[in-house]
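Undergrad: Next up is a structure, given as structure tokens.
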Amino acid sequence: MTKTSPQVVLVTGSSSGFGYLTVTHLASLGHTVYASMRDSQRRQATFSHLKRITGKIIICELDVTNSQSIENVIQQIATTEGYLDVVINNAGYGIGGFFEDLTAEEIRQQMEVNFFGVQNVTRAVIPLMRSRKKGRIINISSVAGLNASPCFGAYNASKWALEGFSESLYHELKIFGIHVCMIEPGTYKTKIFFENSKYAKEFDNPDSPYYTLSQRLKRRVMAYVQKTDKDPMRIAYLVEKLMMKKNPALRNFPDIETQMLLAVRRILPFKLYAGFLQKALYQDKLI
């Protein structure tokens, strides 16, 4: 690993969580960071003091599901900077809910943001990188992209799709000097579980056949989130590391939670693993 010179970086979903921390950390290192978010006016105050300090953060409005907004930002970068070194596809959210409680539109929207949104931004930045035969595409995936659980089927599907797409893209772009990486975080206490949380339309409907199970799982997940003490800054540090590495790995596991889960999945037969998972989640409520 070697220290890099200042780079031009685009981060999606920068208003909070991993995106916000990554923007502030990379700007503090001297990189020029385009911090994109859906509603830049509403979030302008978030970065105002940092802009005065570093002068390296450019706030821009970008909706990963809107091709025109993506084109506007990429054109801004191309005109102002002339090139783009790194894109960090961080924009995304997770919706909780059993399949029957989720509407078709809720599932499609989950895929639009977490999967097609990544493809939309990636498609727009590749030409800028390919012309220089260099670049980094860092996709923020999740442990949920490697392991599925009940009540998160839509989120799991979006991240599993992202994993497959990123691995394919890794092979496609390497010949052009563009490195594709993923980061698979475990559970961190960020706004995705609080202000930014989303649940299925029927999640809180007492008439749903899943109502008792969904409420129980929500309590358990939130209890686990409240107890977790992993520092979300480690994601920003890992992004920095991947930017500096000459040949970064495709998959990167930043915490012991993800590493242990993968180890257990590799060792245990699926039926045995599934039995432990169902017992832990459902206890005596299996039908």
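Undergrad: Tell me the residue from Leu281, Leu286, Leu268, Leu272 that is modelled with pLDDT under 85, farther than 22 Å from Ser16 by Cβ and either charged (D, E, K, R) or surrounded by fewer than 16 Cβ atoms within 10 Å (Cβ to Cβ) (or both), please. Even if it seems obvious, please write down each step before you answer.
TA: Details: Leu281 fails: either charged (D, E, K, R) or surrounded by fewer than 16 Cβ atoms within 10 Å (Cβ to Cβ) (or both); Leu268 fails: modelled with pLDDT under 85; Leu272 fails: modelled with pLDDT under 85.
Being modelled with pLDDT under 85, farther than 22 Å from Ser16 by Cβ and either charged (D, E, K, R) or surrounded by fewer than 16 Cβ atoms within 10 Å (Cβ to Cβ) (or both) holds for just one of Leu281, Leu286, Leu268, Leu272, which is Leu286.
Undergrad: With the requirement that a residue be closer than 14 Å to Gly94 by Cβ and either in contact with a Cys (Cβ under 9 Å, 6 or more places away or on another chain) or in a strand (DSSP E or B) (or both), what does region 129-187 give you?
TA: Scanning region 129-187 gives a single hit, Ile140.
Undergrad: One residue is enough: does region 189-197 have a residue meeting the conditions buried (at least 16 other Cβ atoms within 10 Å of the Cβ), in a helix (DSSP H, G or I) and either in contact with a strand residue (DSSP E or B) (Cβ under 7 Å, 6 or more places away or on another chain) or not aromatic (Phe, Trp, Tyr) (or both)?
TA: Within region 189-197 (the criterion being buried (at least 16 other Cβ atoms within 10 Å of the Cβ), in a helix (DSSP H, G or I) and either in contact with a strand residue (DSSP E or B) (Cβ under 7 Å, 6 or more places away or on another chain) or not aromatic (Phe, Trp, Tyr) (or both)), the answer is yes, since at least one residue qualifies.
Undergrad: Looking only at region 209-264, filter to residues that are over 25 Å from Ala280 (Cα atoms), touching a Phe, Trp or Tyr at 6+ places or on another chain (Cβ under 6 Å) and aliphatic (A, V, I, L, M); which one of those is surrounded by the most Cβ atoms within 10 Å (Cβ to Cβ)? Step through it out loud before you land on a result.
TA: In the first step, residues of region 209-264 are kept if they are over 25 Å from Ala280 (Cα atoms); the result is 231-252.
Now narrow it down to the ones that are touching a Phe, Trp or Tyr at 6+ places or on another chain (Cβ under 6 Å): 232, 235, 250.
From what is left, the residues that are aliphatic (A, V, I, L, M) are 235, 250.
Values: Ile235: 26, Leu250: 16.
Taking the candidates together, the pick is Ile235.
Undergrad: When you go through (1) of a type outside the set (S, T, N, Q); (2) at pLDDT below 95; (3) not in a loop (DSSP other than H, G, I, E, B) one by one for Glu240, which number turns out not to apply?
TA: (2)
Undergrad: Going residue by residue through region 130-138, is there one that turns out to be closer than 18 Å to Met37 by Cβ, buried (at least 20 other Cβ atoms within 10 Å of the Cβ) and not β-branched (Val, Ile, Thr)? I'd like the intermediate steps shown before the answer.
TA: Of the residues in region 130-138, the ones closer than 18 Å to Met37 by Cβ are 138.
This time we only want the ones that are buried (at least 20 other Cβ atoms within 10 Å of the Cβ), so: 138.
Then keep just the ones that are not β-branched (Val, Ile, Thr); that gives none.
Checked against the condition, which is being closer than 18 Å to Met37 by Cβ, buried (at least 20 other Cβ atoms within 10 Å of the Cβ) and not β-branched (Val, Ile, Thr), region 130-138 yields no hits at all.
Undergrad: Can we say Met260 is touching a residue at least 12 places away in the same chain (Cβ under 8 Å) and either charged (D, E, K, R) or within 27 Å of Phe18 (Cα to Cα) (or both)?
TA: The answer is no for Met260.
The values are calculated or read from the model by the stated rules, or taken from the named source; none is laboratory data. All values reported here derive from a predicted model rather than from experimental measurement. For neighbour counting, all protein chains shown are included, and Cβ atoms are generated from backbone atoms with ideal geometry for every residue, glycine included.
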